[in-house]
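A quick write-up on the structure given underneath.
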Amino acid sequence: MSTTTVVNRSLRQVIPGQPTSDGAGVKLSRSIGAAPGLRVDPFLMLDEFYTDQPSDYLAGFPAHPHRGFETVTYMLDGHMQHKDNFGNTGDLAPGDVQWMTAARGIIHSEMPQQTEGRMRGFQLWLNLPAAEKMKPASYRDIPAAQMPFVALDGGGQARVIAGRLVQDSGVTTGAVSGGSTDPQYYDLHLPAGAEARVPVPAGHNAFVYLYEGGASVDGRAIALRGAALLSDGETLVLRAGESGARLLLIAGKPLREPVVQYGPFVMNTREEIEQALADYQSGQFGR
Ligand code: FE
């Protein structure tokens with residue numbers, strides 16, 4: 001007899017969001033990466049910024065460097081402008097994504113282009129394997145229109161930012177797909193009572209981040225504004241609560257390499273961090 005058993009992923013651990021500030025004093029909530037032991041390989045950090053108070057965001061993130069990983073910014077509300085030392089300028093409006101591969105080095109600023117109203121979104125840091133940390137930097141703006149919401153089989157919709165979402169109704173490939181960590185990044189909008197079955201590649205580390213409403217996995221409620229880490233498996237079954245749910249589902253193939261981080265530099269050894277500082281101080285970034 002041969003049977004096919006699909007292993008559902010369950011809730012394993014929650015990394016609560018912790019209030020912090022970064023840049024020139026932008027208030028945000030950090031879950032993944034709030035402490036060195038709270039990374040989820042290959043993800044180094046997840047920040048949510050969500051405020052109606054201009055004083056929380058006006059100072060923005062003036063020019064600063066990155067080396068050794070990628071930053072993925074997803075805007076929900078507000079308007080942010082990116083400028084870098086390669087001469088790129090990019091505007092992020094609601095629903096837009098910026099995928100920046102810092103790799104061997106980039107210096108950029110991320111500044112709000114509004115003086116009032118709500119600013120809301122996420123920034124994810126995705127690690128690069130040792131073999132790719134020193135490749136040339138690159139940068140992509142992905143407008144919301146290139147990532148339309150698609151219908152989920154169990155009700156609701158998903159915006160596929162990265163990876164490949166498989167449903168009975170079809171396969172949707174995100175604006176970014178493949179690569180060494182094969183990142184999957186979906187924004188799920190579920191109406192009240194919906195039950196979504198979302199395949200997640202087995203062996204990938206995965207978490208959900210509930211940012212609105214309520215949802216449960218296997219009858220266990222997911223904490224709002226925390227990264228809920230999932231056990232390994234092939235499928236995540238999510239049930240939305242009475243007010244529906246909006247959540248991010250993020251997964252990636254672990255690198256299993258040493259991580260040495262010094263602020264915005266993430267390398268594999270201490271020597272490489274010292275080299276990053278030396279290169280930055282001597283103006284070698286961006287060449
Ligand atoms: Fe940055």
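The values are calculated or read from the model by the stated rules, or taken from the named source; none is laboratory data. The structure presented is a predicted model; accordingly, all values stated were derived computationally and were not measured. Neighbour counts are summed over all protein chains in view; Cβ atoms, including those assigned to glycine, are modelled from backbone coordinates with ideal geometry.
Key figures for this structure:
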| item | result |
| --- | --- |
| First in segment 83-112 and over 30 Å from residue 189 (Cα atoms), second anywhere and in a strand (DSSP E or B) and more than 13 Å from the ligand (Cβ to nearest atom), Cβ under 6 Å, 6 or more apart | 83/89 |
| Enumeration of residues in segment 116-153 that are within 16 Å of the ligand (Cβ to nearest atom) and farther than 28 Å from residue 225 by Cβ | 137, 138, 139 |
| Any hit, segment 94-113, residues being charged (D, E, K, R) and surrounded by fewer than 19 Cβ atoms within 10 Å (Cβ to Cβ) | no |
| Condition broken by residue 42, with the remaining ones in (1) more than 16 Å from the ligand (Cβ to nearest atom); (2) farther than 28 Å from residue 284 by Cα; (3) in contact with a Gly (Cβ under 9 Å, 6 or more places away or on another chain); (4) modelled with pLDDT of 95 or more satisfied | (2) |
| Residue that is nearest to the ligand (Cβ to nearest atom), among those in segment 56-93 that are surrounded by fewer than 22 Cβ atoms within 10 Å (Cβ to Cβ), within 19 Å of residue 122 (Cβ to Cβ) and among the charged types (D, E, K, R) | 91 |
| Scope segment 130-142; condition crowded, with 17+ Cβ neighbours inside 10 Å and touching a Lys or Arg at 6+ places or on another chain (Cβ under 8 Å); matching residues | 133, 137 |
| Hits in segment 94-115 (condition: of a type in the set (A, V, I, L, M), part of a strand (DSSP E or B) and within 12 Å of the ligand (Cβ to nearest atom)) | 100, 106, 107, 111 |
| Positions within segment 241-285 being in a strand (DSSP E or B) and within 16 Å of the ligand (Cβ to nearest atom), in sequence order | 261, 262, 265, 266 |
| Residue match in segment 12-23 (condition: crowded, with 22+ Cβ neighbours inside 10 Å and not hydroxyl-bearing (Ser, Thr, Tyr)) | yes |
| Strands (runs of 3 or more DSSP E) enclosed by segment 143-240 - at least 3 residues per element that are of a type in the set (A, V, I, L, M, F, W, C) and surrounded by fewer than 20 Cβ atoms within 10 Å (Cβ to Cβ) | 149-151 |
| Condition met for residue 156 (at pLDDT 95 or above, touching a strand residue (DSSP E or B) at 6+ places or on another chain (Cβ under 8 Å), more than 15 Å from the ligand (Cβ to nearest atom) and within 30 Å of residue 214 (Cβ to Cβ)) | yes |
